[in-house]
Structures are given as C-alpha cells and as structure tokens.
1. Roughly how big is segment 93-248's charge dipole about its Cα centre, with Cβ charges of +1 (Lys, Arg) and -1 (Asp, Glu), in debye to the nearest 20?
2. Students often get this wrong, so check it: of Lys463/Lys586; Lys530/Lys586; Lys542/Lys586, which have C-alpha atoms separated by over 18 Å?
3. Return the carbon/sulfur percentage of the accessible area of segment 558-642, one whole number, probe 1.4 Å, all protein chains in place.
4. Amide H of Gly619 versus every other amide H placed in the peptide plane: which residues, excluding those fewer than 5 positions away on the same chain, fall under 5 Å?
5. For segment 30-125, which GluC sites (Glu not before Pro) pass both filters: DSSP loop (anything but H, G, I, E, B) and at most 16 other C-beta atoms within 10 Å?
6. Give me, ordered by chain and number, the residues 5 or more places off Gly557 or on other chains with an amide H under 5 Å from its own placed amide H.
7. Normalise the Cα radius of gyration of segment 66-181 by 2.2 N^0.38 Å (N = residues in it) and let me know the number.
8. Using only protein heavy atoms and a 1.4 Å probe, report how much of Ile294 is accessible, in Å² to the nearest 10.
Amino acid sequence: MNNKLLALAGAAGLGALAFACVAFGIGGGVDAAGDEAFRLSGTTLTAYLGTDTYVSIPDTVTEIGEEAFAGNETLTGVIIPDSVTVISYNAFQDCTALTGVTISDSVEKVGPGAFEGCTALATVEIGKNVSSWGSGVFVGCDSLAKVILDEDNRYLTYYNGAIYNGDMTMLYQVLPARAGENYVMPETVEDIDAYAFWNLQNVKNVMISDAVESVPKYSMTNMGSVENVVLLSETASVEERAFADNENLMQAAIPASVTDIDDTAFSGCPNVKIFTTRGTTAETYGNEHEIEVIYSAEYPTDFLDSNEDYEELPDLGDAQEDETDAVSSTTVTTVTTVTETETDVETDGDDVSGGSDDNAGGFANAQDYIHPLDAPESDDVIGKTVISSGKAVMLMNNHDGQVYGVPDGVTADVLTETQAAQKEQESSGGEESPEAVSSAETDVNISYDESNLEIAEYIPQRKYYQDKSLTEYEIDGSVQVIGRLAFAQSGLRKINIPEGVTRIEYGAFMSCSDLDSVTIADTVEYIGTKAFEGTAWLDGWKSGESTGDEDDFLIVGDGILLAYRGTAGHVQIPEGVKLIGSEAFKGHDEILDVDIPASVVRINAEAFRNCSSLTGLTGCEGLETVIRGAFYGTQLSESEFY
C-alpha cells in the first residue's frame, strides 16, 4: 500500500507501531478460524461475541455486517483480511478501546458510521480500492487527527485533516482531532456530507466554500469546538437543522445571497448571533427566531487555513470521471479545497473581522426544537421523508392520534453513564459504594477500586473469563456486584443470581453459549449492556413467538425491561417496569410510538437504538434520567427532554 501521508507524529505514530505489532501477531492475536465467537450468515460476519483484545477476522468473510462489533469495549486491534470487500453500517460503532485499523486494499465500500464513537482510534490506513464512503464514518472518533490514504486511491482524497471525494467536490468529514483553529474549505467543494463537522476538538473558525449553494441538512450539527462559521456570497439556502445543537457557536456570517433558512436551522444554538447586512433574509430570520443580529463581524481577520504539518493541495488531475460510482449509496456532500493565499471575505459590503468571546454553554429548551414531522404542510400531503442518522425514512400518517416527540411538560436529566453514577453517589450521601463505583465503570471502562471491596461482595471483572471448564457456579449470598465480563465465554450452563445482588455489569455472561437457565432475584436494580448477549437463554427467549401481550416483554430483577420480541407499531410498556435496559428495543424498526408508564424512571443507553420509525412517546410521568444514546437512530432528539 503506497501512502499519500508518509508519516504520523507523536501519539499517532506510536499507535501505528502498536497496531503493526497486532498485524504481525504480536500481543495476543487470535486465530479466528472456527472460533464460536464469530456469527456468520453465509460469508457475512453478522456478530462477534468474543471479548479478545486483538481479533483476526476469518478469511472466509467478505462482508463485515451492520453493527457486527458494535459496543465491543475490549477490542483494541483488528485484522481485516483481503477477502473483505464491505464494511457495513456501524460495523465497529462504539468500540471505545480500538486504537488502530487498516482498511485493506480489497475493501470497496465503507458504510455510514462504520467507526462511529471509536474514541481511542488514532491510526487509520485506507486502501486503494475504497470507492464508496458513507456519512459520518469517523463521527465521534475524538482521537483521530489524520489518516493514511493509499496514493493510488482515485475515489477519495485526504487533505489537511479532512476526507473528500476524489475530485474534492464533496467534503465527507473534517476529522474530530484535526489540528489548527481555522478550517477554510477548499474552493472545489460544492457539497457537505451529513455530520461532516461533528464534535471537532480544536477548530474554532470555519469558512465555507463559495461553491456551496446550500448548507445541507445535519451537515454542521454538533460541531464541538466551533465558534464562528462564515458563508460566502454564492450560498443561497440553509436547510433543516443544518447548524443545530451547537453549544459553542457564537456567530454565523450569512450573506445577502441566502434567501431561504429553515426554521430549525439553528435549533439548540443558545449563544449564536447572526452577522449580516440590513434588509436580508438572515436579518428577518434572526428577528423572527429571537437570535441577535449584528452588523459588524466578531471573528479573526487572519482567517487562513491552519493545521500542523500543513500540506500542499493535492494534484487532482486524474480524479475519477464518473463520480456517481464513487459516492456512497447514502446521501453525501461535496467538498471544496483551500488555498494558501489570504481570503478577504466581504458580505454585501461588510468586512469580515473582529474577535470572538467565550460562550456560556448550555442547551436550548425543548420548545425550541421543531420535529421534522411537525412542520406545517398543505392538506394534500400524506407523507414525508425525514433523515434519521444519515438514513432517509418515509413516514405516512396513516392512523389517528399518532404522537410525535415527547409529551408537553416532560423533562429528564440527559446524562452519560458517568454523570448518572455521580448523581447516584450524591443522592446516597456521597459515599463511594460498590454500586456507585461500578456505575461509573459500566460503559466508560473505569476500573473498580477493589481495595475498598470485600471479595465476597464483588465478583471481579474477568474472574472466570473463557473458563470452559466452569459449568456450574453458586454465587455467595453476600455478593452485591457481578463485574464486567466476569463469566464471559465460560462454560456455564445455568446460573441463579440470588437475593442481595444489585448490579450485573457489562458483558458479565456474554457469549456463554451453553447458558440456558437463568434466574434473577428482584434485588437486581441494574443490568449492563450485553450482560447476557449470546447466551442460549436470551437468544431462546427472543426467538419465541410473539403473543401480542405482556409476554413479549422480558422483565427481570427489580423492574428491569431486558428485551422485547413483539411486532406492534404502538407499544405499551407494562406498569411496574422501572428501567428500560440497554438495547431492549434495538432494531425494532416497526415501532411508531411507545407508551411509557409512570413507573419508569430511567432509560438506558441504546435502549431504542435504530428504531428508525419511532417518532414519539406518551406517558413518561415518572421519567427522571435518559442516558445519552438511548434514542440513537430514531427520530427523537435528546434535546426534547430539556
């Protein structure tokens, strides 16, 4: 593989060295041939249920399926064989320990969000034949500043911390850890992909190419550190939620050429000001939406592209002629290139100059958010298409009383797992109990402080990991917490979780393929993600026939809804459920709305993941906490709970 970028510096370089060791079998790599941890459908890898640190995918695999490794928190390195041609949607989503990956020359397609949320990912090599590139491939990869792209790849271009299509008319993504405070979009760029600027760590000022006629939906949402955005004089429109959920955005320079701005374009931007001239659409928009309008710019005058190891603009002479073949099947956006000459920007006679102030942060209130389906339409419109997680979803209002959004007046704390643990600790008087410690550890890989725990109160993480000889185990009555991966991939056939146990952590019994008998005492208040995934017990229950009543809900412990196997469009969760568990409804794209009883106080992360038709909730009177990511891939926004 010849590389366009020949070297990586600092931590990225060390990451490359570490990954190279994995590739050559150093450090515990796994020979995956015949490994029961791999679930295959033909030549598609549909799921990896193992917990090894380094994984070698079998060379019989041609496609890494949707979410095959999603949520795997132990994977630090993976070898993708030359047999693989497709890496599908969210294939490695939230693999938070993954530090490096080489996308081999055989790979032709990388799907949307393939590596989303891989927060430790710092080293990426992309082969020469990748021609189809999805939206948000590296969204949330907070450590990724650069990639290495094969110099023979005609379909992609890497330049100064961003990935473009072959002729740089489409910007796919500015990498989250890109160095430099200023990003000036190359003037070749015509389109911007969805989530292209998601959660930038360093960039404060962005200038859009004057070849961009419209700022597309969701293209500049959640921009992380970005404070100032400048649109140039050829831009004509700003689409739905184009700049939504930008806490740090202080100023948007909008020229007179912009004649159409969607009502939701700046939803969730509590500190933004609009810089424009008098008599413009932007001025009217600001006044109508209670956004301060200013007529003198407040951002730096030295608005040049900045990046460590600044690179020369690549030669695009032989870029792919038929770009339609090189674009992902999902909607993508085109990109522009930067010159080294200073760009003097004028907006209808006003100079672009000044400085930006620090902002106060915070989120918009729920009433500021307009659900896409609530936008007024003429009477003859019976359906519309909305974008959910980069996918277009066609919705028909084909029944009376369909609910969109959340009920009026419903609020909840939207927290990370760590924040939720801190909240629990504070409510318990600040004592660092085993429960509080383990909650913080559950999904963010924080270790237990075992020195403060009696061994009888806690089964340590990985205690019986991969112990195939262990077929029976009696849990001591004084145990309170079952640690992460404590019995994962063991030979257990049945387990009784007795009174006194309050928490079962991430992957505790994951991939115990022979485990077909499980009883869980009603003292259990929390069950972590994937705690029973890949067990015969849970798989057997899910494969059971739907009855259309409460038997479709697997409720265990102290009111924990662990799984759902129904097929209803309108779901009513039984009274008595207190916690909707992680992945309980995952992938049920038939669900339109859910009635949540007053007994439910918490919805865990991933609970409704990829329920793509879910547009609303009813009830929710007792809801207190929503863990971030609970509604990922649905048409509900976390901002609706503020």
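The values are calculated or read from the model by the stated rules, or taken from the named source; none is laboratory data. From a predicted model like this one, the values you see are computed outputs, not experimental measurements. Because the Cβ atoms are built from the backbone with ideal geometry, glycine has one as well, and the counts that use them run over all protein chains shown. The accessibility values were calculated without ligands, DNA or RNA, using every heavy atom of the protein model including side chains. Shrake-Rupley method; radii C 1.70, N 1.55, O 1.52, S 1.80 Å.
1. Dipole magnitude for segment 93-248 comes out near 320 debye.
2. Lys463/Lys586
3. With neighbouring chains kept in place, the figure for segment 558-642 is 47 percent.
4. HN-HN under 5 Å from Gly619: Ile596.
5. Loop-located and lightly packed - Glu36, Glu108.
6. The answer is Ile520.
7. Expressed relative to 2.2 N^0.38 Å, the Cα Rg reads 0.96.
8. Surface accessible to solvent at Ile294 totals approximately 20 Å².
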